[in-house]
């Protein structure tokens, strides 16, 4: 297949591009700078350019500002929202304007759709929740409507916490745990829906051809924060005895702490199971051991 990928240098994007090329696919990297290689094509959010995706079989759209990259402020929240909505709108309109549009668009999304679910388990049939992240995801997914209207199969990749020592949540926590100063965050009872990076990429590869559309929860399962932090401590052979209180997280992270750290989602990957996906790292301890080898 010919596949165009936005966000090819990110944590998920770089792993996905490598795996897709290893599978024998012809990958076109859509970048926002001047292209440096023959397989790179420049694109600009806000500028509809059908030629960037003309003739490809699939588009994997992963671009967007990292939700937890900075302390939440009004300006950063606006950037998080706009980078997702503007980018997805541009890709969807470019696809719709093609003479030969791709057959599938895999568009990044997130389990933030559900808001803080408390003890309630949710799947793809549940309605949008409350809060900033839920509103971001709602508008993010709606931005792909032009591709849907053009008859393209659109899959919304509602990813949870993607575990990798190279970045994301695990990448930030590992140095603390290796120093023996890690521990639960807040009460530790909040649910964390997780997936190991190799399974995230495998799910993307699977959904390129699976007969499924709409939202798909790209997670392995959900554990409480105290279980996740204890598993990380076991993986690095250190104690997890220094909890971080909620007030300290709020002071450092602002609103991000309440929505994405102290709150949580207990998400069931019902869509992936129905699509016939099989996880290679279905157990948290096994996954962490494999990732840290």
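Below is a table of values for the structure above.
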read-out	value
Matching strands (runs of 3 or more DSSP E) fully within the stretch 1-91 where at least 3 residues are within 24 Å of residue 164 (Cβ to Cβ)	2-6, 26-31, 58-61
Inter-residue pairs, beta-carbon under 7 Å, first free of Cβ contacts under 8 Å to residues at least 40 places away in the same chain and at negative phi and in the stretch 82-102, second buried (at least 23 other Cβ atoms within 10 Å of the Cβ) and in a loop (DSSP other than H, G, I, E, B), 6+ apart	83/64
Which numbered condition residue 16 misses (of (1) over 30 Å from residue 173 (Cβ atoms); (2) in contact with a strand residue (DSSP E or B) (Cβ under 9 Å, 6 or more places away or on another chain); (3) surrounded by 12 or more Cβ atoms within 10 Å (Cβ to Cβ))	(1)
Any hit, the stretch 243-252, residues being under 21 Å from the mean Cα position of the chain (by Cα), in a helix (DSSP H, G or I) and either within 22 Å of residue 122 (Cβ to Cβ) or modelled with pLDDT under 95 (or both)	no
Residue within the stretch 274-293 that is closer than 19 Å to residue 119 by Cβ, part of a loop (DSSP other than H, G, I, E, B), at pLDDT below 95 and more than 16 Å from the chain's Cα centre (by Cα) present	no
Among residues of the stretch 191-208, those that are surrounded by fewer than 22 Cβ atoms within 10 Å (Cβ to Cβ) and touching a strand residue (DSSP E or B) at 6+ places or on another chain (Cβ under 8 Å), counted	1
Helices (runs of 4 or more DSSP H) within the stretch 141-211 that include 1 or more residues out of contact with any helix residue (DSSP H, G or I) (no Cβ under 6 Å at 6 or more places or on another chain) and at pLDDT below 95	168-178
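A quick yes/no check of all residues on (1) in contact with a helix residue (DSSP H, G or I) (Cβ under 8 Å, 6 or more places away or on another chain); (2) closer than 23 Å to residue 196 by Cα:
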{"site": "9", "(1), (2)": "no, yes"}
{"site": "16", "(1), (2)": "yes, yes"}
{"site": "46", "(1), (2)": "yes, no"}
{"site": "50", "(1), (2)": "yes, no"}
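The values are calculated or read from the model by the stated rules, or taken from the named source; none is laboratory data. Only a predicted model underlies this, so the values are computations on that prediction, with no experimental measurement involved. Note that we place each Cβ from the backbone using ideal geometry, even for glycine, and neighbour counts take in every protein chain shown.
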